[in-house]
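K.L.:
Please find one structure pasted underneath; my questions will follow.
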Amino acid sequence: MDRQRPLGPLIAPLALLLFATTVARGEEPATAIENRPYRIALHLASDPAARLGDRLRDELVARWLELVRRFVGPSWSIEVAETPSPLVGDGLARVKAEEVRGLDPGVDKAWLIWATTDPATSDLVLEGREYDAGTRWLGPFQRRDVLSPLDAPRALFLFTLDLFSPSALIVGQEGGRALLKVQGAAIPAASDLGATVAEGTTFIPIRLITMRDESIRITRIAFTYLVAESVEGSTARCAIVSAYRDPLSQRIARPNTLTALGIKPGGDALRFRFVDRTTKGPAAGYTLTERPAPDGPARNVGMTDRSGRIEVPPGPTRGVVKLRLLAGDAEPLAEFPIMPGESGEEREIAVDPLPLASKYQARLDALRDAIIDQVALRGRLERLMETRAEGEDWSGLEALLKEYDLLPSSASFGEALAKLKDEALKAAYEATRTTVLTRNLQAQFDEIQGLIDGYLADDASRAFGEALASRKKKEADAAARKPAPPKPPG
Amino acid sequence: MTRPAPHRLAAAASTLLIVLAAAAASLGQDAPVVTPDDLLGSYPFDRITLPDDTVILVEPVSPRPLPPTEPPKAKGSSSLIPPTRIPLEGNVGLPGEPSKVETPRANARKEEGPDVVINVHLAREAATGRGDARDFKLKRAHIKKIEYFEDVLLAEGDELAKARDFTRAFEHYLRVQQRAPDWPGLTDRVHALLFAEGKQALSDGDVARGLRLLRELHARRPDYPGLVDQIAAAYAGRIDRAIELGLYPEGRRLLHELEGISADVRQAQELRAKFQELARARAARVGSGTDAERLDALVDALRIWPDQAELQAEYARVFAALPTLDVAVTDVATPPGPWVRSPADERVARLLFRPILADDSEEARKGERPDQLAAGIEATDLGRRLVVKVRAGIPWSDGSRDVSALDVARALIDRCNPRDPLKYQARWADLLDRARPLDERQVELQLKRPLLRTSFQLDAPVGAAHAGADGRVVLSARDRPLVGSGPFACFAATPDSIDLRAVAEASGAASAGALRRLREVRYDDSAAATAAFLRGDAALIDHVPPFQAATLAADPDVTIGTYARPVVHVLALDGRNPLLRNRTFRRALSYAIDRKGLLEESILRGPSTAADLPADGVFPRGDPADAPGVKPLEHNPVLAVALAALARGELKAEALKLKLEYPPIAEVQAVVPRLVEAFAMARITVEPVAVPRSKLESELRAGRRFDMAYRVLRCDEPVLDAGPMICPGYDAPPSAGALASAASPRILQLLLRLEQAAEWPSARGAAVEIDRELRDELPVIPLWQTVDRFAWRSRLKGPAETAERLYDGLETWEIAPWIAKDPWAR
């Protein structure tokens, strides 16, 4: 049964949320989302060690507001909280979204910023997170060093740019791309720096589901990211990068709508724990690689430890990356996109360790090695034979042909491959709890068969053999044509 | 009738003079008459000066030297023909008899002897106008001066000696020696040259050469003026230097040489007295006066001058009170403590700390072994719960209290703390769920899975709970003794030695010669350790290089022992290096090595045997985990070059450069340059770096990054040892990321699976699978396996000829006092 519904009616829950906030602000609810500025509350607190007194703080905020006005413009409507939230402090990185309470209900976003000092350098450091009231989403932990106190307003401005995450409605899909209507995108920015959305801006999709009791459940669609490819007016056209085939599916039983929230890479290392799907034991000793989405060059991240854990520190890629867990050096066990530094919390991921597939992978690798060795040895002999033939060193050529004949034939490799494949097929039929002939393994079988067919053909040696035989025949004919010596008289 | 002949002779002589003058003139026109530049390379010649001062070069005249010329006769008897002598009986003979008439012709022939005239042959052709004639007769009377070639050589040699070009001078004298050994003046000149050159060498600081030359002169002519004084002064300088450096045997040897030259020389007597005085002074310097310090002082004194009867008697008496075993090793535990991180720790850990369980025997499990802490072990819950009963009455070496359940529990928990890398063991941390003392004597262990071999995890050293993380307690700012429970206590430990003393309880009922002190002394390499062992400074050596085993075995005073398990040599690879993570590159490394050739040429220096052979994995041949039918690893330089080039392309690397760290073990030092050369043939640049063995092993086990490391591995149980053998940092804390150092992820997964095995059959199967796949995956590069040996001198009684560990049965060993004598004093 097709549960796809038109998007229009499903916007109702979000509209309700938006209505609540707009009414609270005393605005006309008819204001379109793309024309509505972000109401942002700034909760700035400081560590006593930072020596940021009231006067300095006020001065800093005033100069920062000036920068916001000059570079961002009216799309940010800033309110500075007189009394910063008590959550702002040393433990900000560990705060959960559910713990955020007591914020002004009229704001769209709250920036929780803690000014402290670096224990190593004693320099001023800004740490903070963004809380999005509409989706109740607490953004990644961000951090920025302030190189000089005089530079603090500019650093704070850049830091708030890091914190800011645009909100959007997913209004449809077209050609495999998601269409996002971005809040405030129609408000002209004071400069390019202040653009609400730009090419490359990354969003996470969030599903708002209206439950039976009319409450709204907010669910993030895991391992899915929307990356803006182009911006047309207030609509961003985004590539869908996901571990799932149809992450924005509308085949949901309850009325729901899809929103999106911008996300920027944070400074925290990602923490994963991989476990065996069947035994729930740790998936230890597996290699994790990373490549920029959608298909950048792969980089080795590391290996899971005995407990299956691995940390992925923010790497050179500042966008979405695809992580791939490999058994051996080739057999993928899991692949999913992720934003570096988006959260410091550990995530547990269950995988099938594919023990039988790994075993056959290892045996195929050994066979491939043997074939490569043969290709190298044959190539060398063929070059030598060519030289001998050109130099008409027929005895040398004959010796090389004999050496060539001692090498294993291509048929023997073919037989070994066929035998291995039969074994794998048999194991695949017998194994019920794990996959044996994975897509990767089948591709490897095909590749090795291609190697045997393409590189272990005996054409060259046969040609040299024929040349040698022809030469011998000519010599024999010449010997036969030579006139017989005259018979002795009598 | 007597005149014509003189006329003819005079005519001939005058003709010769004219010709020679013409020849000399022509030579003078063409080329000056000079001595050839290179006398050593020139044809021999003599130089003749004629009355008109013309000099001609002729081929050496004969005889040499010429006899003296006849003195000139008086003017009245100027006739060359002597008067005819007529016999009294007349000179008219009877018919048939020969004539008795003496003709002047016969006398004339006599006049043509070398004292009168000589034949000369010009050394070079002269334009005499007489064709190529170069032979002439020359009257001695017409020779003003003749310089023989030998004299020319000697003169040139003298000039060179004056210019201190002693080598060339010697070559000139040597040519004279070859031509005429008895040439007048040669011997004196050679003596003078030896003396001058010897003196010069001494003043240049080349004392060994100077002394050698002077000794040679002394052998030729002992009474050469000033020679003995010169030699004595030189020897005295060398002996003083040897004493300064503590090289007493060398100093004594030199003194012996000097005394052989002249025992009465003043310096010899003074130096002998100096040695004896030094020895007596050292013997008197005994610090606080304990037996150990007294013994050390006496040993040092007797090593300075062994031939002192009163010191020898004193030494024997003190040694009897404190029998001491000195062991020559190439590494010591630094620092020693309740942990096992290196082979040196493995040697001494059992002596300092009792394990919970000594081995896996039923006797040990029942607590009947005296060298363990457990009085019994109970296993319940299918082996997942163990209760260890701790034996009562085992005191800690600081005398504070007895070993209790708390100590055992703390030791087991410490091994799970990743912040304590000295003791941390990843496998144990992964296995232990909980450890808690039930009471003073019982510890309960909850495990996540049963132990395959109980003793494997429970034979680690147990330190005192009241000691610090390093196993020591603080008595004062400088006194921090290591607290142990073993039969020996650590008295002193430095990077160069470790001094263990038997605790009183352990040696209470021991025999007279039983060891009460054991001292391991570290030498920089195996060669130095072997030299110390051969000198007699050590009675036991922990490792004998394979190529020295036969030499040592030939010494009747030495016995060679064999370790029960062979050692396997491998090149460990760090997979965290992208180069070594590359499979193609690892295969290139393996193909580059000619295992059999290197084993036979550098390690064994003889043919390989059934026990010493190339390896195809990390497990020794014949071990249950050694997979049958594994093809040997080939040596194929062509493929090595091709695969290295392929890897270079795959990795986009301009050059393949690695560092190879290796321990300074004699056979390893011998083979590493050959390995580097083999890799260079495959265009892989490898820089060898020697690192002390314990340092290298402990750092590798702690998970330190490296490129390649040469490891010598001993495998007790493949199932339990496979991980650390293949991946050095297998038990390192997670923060080191050492699991990633396994160059083959496939082998790592098999190792982790092996670790999870709950029963022996599946564990054995996994170990065999690892061995089979290791050949293709190459997480390490296997090299060869060899028999490992140790050796002891006959003064030590007790070591078994085959032992699991070096100090097996140490409690029964006995040692006799002995000081090495000088060979000439025996």
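The values are calculated or read from the model by the stated rules, or taken from the named source; none is laboratory data. Source: prediction; values computed, not measured. Glycine gets a Cβ as well: all are built from the backbone with ideal geometry, and neighbour counts include every protein chain shown.
K.L.:
For the structure I just gave you, tell me whether B:LEU751 is over 20 Å from B:ARG583 (Cα atoms) and either touching a residue at least 24 places away in the same chain (Cβ under 8 Å) or part of a helix (DSSP H, G or I) (or both).
P.N.:
So B:LEU751 does not fit the description; no.
K.L.:
Let me ask you something else. Can you tell me which residue in the stretch A:253-284 is farthest from A:SER167 (Cα to Cα), limited to those that are touching a Phe, Trp or Tyr at 6+ places or on another chain (Cβ under 9 Å) and not in a strand (DSSP E or B)?
P.N.:
Within the stretch A:253-284, the match that is farthest from A:SER167 (Cα to Cα) is A:ALA284.
K.L.:
Can you tell me which of B:PRO225, B:PRO249 is over 30 Å from B:TYR43 (Cα atoms) and in contact (Cβ under 8 Å) with a residue 40 or more places away in the chain?
P.N.:
B:PRO249
K.L.:
Continuing with the same structure: So, of the residues in the stretch A:322-345 that are farther than 15 Å from A:PHE223 by Cβ and away from chain B (no Cβ under 14 Å), which turns out to be modelled with the highest pLDDT?
P.N.:
If we take residues in the stretch A:322-345 being farther than 15 Å from A:PHE223 by Cβ and away from chain B (no Cβ under 14 Å), then A:GLY341 is modelled with the highest pLDDT.
K.L.:
For the stretch B:425-522, which fully contained strands (runs of 3 or more DSSP E) count at least 3 residues that are buried (at least 19 other Cβ atoms within 10 Å of the Cβ) and more than 14 Å from every other protein chain (Cβ to nearest Cβ)?
P.N.:
Result: B:442-447, B:488-494, B:497-502, B:517-522.
K.L.:
Grab the helices (runs of 4 or more DSSP H) fully contained in the stretch B:220-320, keeping just those with 3 or more residues being under 30 Å from B:THR187 (Cα atoms).
P.N.:
B:227-244, B:248-261, B:266-284
K.L.:
For B:SER698, state whether it is polar (S, T, N, Q) and crowded, with 18+ Cβ neighbours inside 10 Å.
P.N.:
So B:SER698 passes the test.
K.L.:
Return the pairs, sorted by first residue and then second, in which the second residue is among the small types (Gly, Ala, Ser) and crowded, with 21+ Cβ neighbours inside 10 Å, the first residue lies in the stretch A:356-373 and is over 11 Å from A:PHE413 (Cβ atoms) and within 8 Å of chain B (Cβ to nearest Cβ), the beta carbons are less than 8 Å apart, and the residues are 6+ apart or on different chains.
P.N.:
Short answer, once both residue conditions are applied: A:SER358/A:ALA327; A:SER358/A:GLY328; A:GLN361/A:ALA327; A:GLN361/A:GLY328; A:ALA362/A:GLY328; A:ASP365/A:GLY328.
K.L.:
Now, a different point. In the list B:ARG220, B:ARG215, which residue meets the criterion of being assigned by TED's automatic domain parsing to the domain that holds B:GLN267, in contact (Cβ under 8 Å) with a residue 40 or more places away in the chain, closer than 28 Å to B:GLU259 by Cβ and out of contact with any Cys (no Cβ under 7 Å at 6 or more places or on another chain)? Give the derivation first.
P.N.:
Values: B:ARG220 fails: in contact (Cβ under 8 Å) with a residue 40 or more places away in the chain.
Selected residue: B:ARG215, the only one of B:ARG220, B:ARG215 that is assigned by TED's automatic domain parsing to the domain that holds B:GLN267, in contact (Cβ under 8 Å) with a residue 40 or more places away in the chain, closer than 28 Å to B:GLU259 by Cβ and out of contact with any Cys (no Cβ under 7 Å at 6 or more places or on another chain).
K.L.:
Of the conditions (1) out of contact with any helix residue (DSSP H, G or I) (no Cβ under 6 Å at 6 or more places or on another chain); (2) away from chain A (no Cβ under 14 Å); (3) surrounded by fewer than 22 Cβ atoms within 10 Å (Cβ to Cβ), B:SER735 fails just one. Which one is it?
P.N.:
It fails just one condition, (2).
K.L.:
Still on this model: Name the residue, out of B:ALA758, B:ALA767, B:ALA791, B:ALA763, that is small (Gly, Ala, Ser) and within 14 Å of chain A (Cβ to nearest Cβ).
P.N.:
That would be B:ALA758, the only listed residue that is small (Gly, Ala, Ser) and within 14 Å of chain A (Cβ to nearest Cβ).
K.L.:
Looking at (1) within 14 Å of chain B (Cβ to nearest Cβ); (2) touching a Leu at 6+ places or on another chain (Cβ under 7 Å); (3) surrounded by 14 or more Cβ atoms within 10 Å (Cβ to Cβ), which is the only condition A:PHE413 fails?
P.N.:
All conditions are met except number (1).
K.L.:
Also, quick follow-up: For the stretch B:593-614, does any single residue satisfy the condition of being hydrophobic (A, V, I, L, M, F, W, C), away from every other protein chain (no Cβ under 12 Å), in a helix (DSSP H, G or I) and touching a helix residue (DSSP H, G or I) at 6+ places or on another chain (Cβ under 6 Å)?
P.N.:
Looking through the stretch B:593-614, at least one residue is hydrophobic (A, V, I, L, M, F, W, C), away from every other protein chain (no Cβ under 12 Å), in a helix (DSSP H, G or I) and touching a helix residue (DSSP H, G or I) at 6+ places or on another chain (Cβ under 6 Å).
K.L.:
State all residues of the stretch B:38-85 that are over 59 Å from the mean Cα position of the chain (by Cα), assigned to a loop (DSSP other than H, G, I, E, B), modelled with pLDDT of 70 or more and not charged (D, E, K, R); if no residue qualifies, say none.
P.N.:
Selection gives B:LEU50, B:PRO51, B:THR54, B:PRO67, B:PRO68, B:THR69.
K.L.:
Follow-up question, since we're still on this one. Select, from A:ILE240, A:ILE252, the only residue that is within 28 Å of A:GLY176 (Cα to Cα) and buried (at least 17 other Cβ atoms within 10 Å of the Cβ).
P.N.:
A:ILE240
K.L.:
Moving to a separate point now. Any residue that is part of a helix (DSSP H, G or I) and within 24 Å of B:ASP46 (Cα to Cα) - is there at least one of those in the stretch B:190-210? Can you show your working first?
P.N.:
Restricting attention to the stretch B:190-210, the residues satisfying the condition of being part of a helix (DSSP H, G or I) are B:190-203, B:207-210.
Those still in the list that are within 24 Å of B:ASP46 (Cα to Cα) too: B:190.
Within the stretch B:190-210 (the criterion being part of a helix (DSSP H, G or I) and within 24 Å of B:ASP46 (Cα to Cα)), the answer is yes, since at least one residue qualifies.
K.L.:
Next question, about the same structure. Name the strands (runs of 3 or more DSSP E) wholly within the stretch A:177-239 that hold at least 2 residues that are closer than 27 Å to A:LEU158 by Cα, modelled with pLDDT under 90 and polar (S, T, N, Q)?
P.N.:
Because the criterion is at least 2 residues that are closer than 27 Å to A:LEU158 by Cα, modelled with pLDDT under 90 and polar (S, T, N, Q), no strands (runs of 3 or more DSSP E) in the stretch A:177-239 meet it.
K.L.:
Here is a follow-up. With B:ALA625, B:ALA572 as the choices, which residue is buried (at least 23 other Cβ atoms within 10 Å of the Cβ), more than 33 Å from the chain's Cα centre (by Cα) and more than 14 Å from chain A (Cβ to nearest Cβ)?
P.N.:
B:ALA625
K.L.:
For the stretch B:633-668, what are the residues that are away from chain A (no Cβ under 14 Å) and assigned to a helix (DSSP H, G or I)?
P.N.:
B:ARG648, B:ALA666, B:GLU667, B:VAL668
K.L.:
Mind checking whether some residue in the stretch B:795-804 is surrounded by fewer than 21 Cβ atoms within 10 Å (Cβ to Cβ), within 30 Å of B:ALA301 (Cβ to Cβ) and either in contact with a helix residue (DSSP H, G or I) (Cβ under 8 Å, 6 or more places away or on another chain) or within 14 Å of another protein chain (Cβ to nearest Cβ) (or both)?
P.N.:
Scanning the stretch B:795-804 turns up at least one residue that is surrounded by fewer than 21 Cβ atoms within 10 Å (Cβ to Cβ), within 30 Å of B:ALA301 (Cβ to Cβ) and either in contact with a helix residue (DSSP H, G or I) (Cβ under 8 Å, 6 or more places away or on another chain) or within 14 Å of another protein chain (Cβ to nearest Cβ) (or both).
K.L.:
To continue, here is another question. Looking at the stretch B:738-748, which of the residues that are facing another protein chain (nearest Cβ under 10 Å) and in a loop (DSSP other than H, G, I, E, B) is surrounded by the fewest Cβ atoms within 10 Å (Cβ to Cβ)?
P.N.:
For the stretch B:738-748, the residue satisfying everything is B:SER744.
K.L.:
Would you point out the residue of the stretch B:136-186, among those that are over 13 Å from B:GLU197 (Cβ atoms) and aromatic (Phe, Trp, Tyr), that is surrounded by the most Cβ atoms within 10 Å (Cβ to Cβ)?
P.N.:
So the residue we want is B:PHE149.
K.L.:
I'm trying to understand the selection: among the residues of the stretch A:135-152, which are buried (at least 20 other Cβ atoms within 10 Å of the Cβ) and more than 27 Å from the chain's Cα centre (by Cα)?
P.N.:
Within the stretch A:135-152, A:VAL146, A:ALA152 qualify.
K.L.:
Can you find, within the stretch A:304-321, the residue that is farthest from the other protein chains (Cβ to nearest Cβ) among those that are in a strand (DSSP E or B) and under 13 Å from the mean Cα position of the chain (by Cα)?
P.N.:
Checked the stretch A:304-321; the qualifying residue farthest from the other protein chains (Cβ to nearest Cβ) is A:VAL321.
K.L.:
Between residues in the stretch B:362-376 that are on the phi > 0 side of the Ramachandran plot and crowded, with 16+ Cβ neighbours inside 10 Å and residues that are among the charged types (D, E, K, R) and at pLDDT 90 or above, which pairs lie under 9 Å by C-beta distance while being six or more apart or on different chains?
P.N.:
Once the first residue is on the phi > 0 side of the Ramachandran plot and crowded, with 16+ Cβ neighbours inside 10 Å and sits in the stretch B:362-376, its partners that are among the charged types (D, E, K, R) and at pLDDT 90 or above give B:GLY367/B:LYS389; B:GLY367/B:ARG391.
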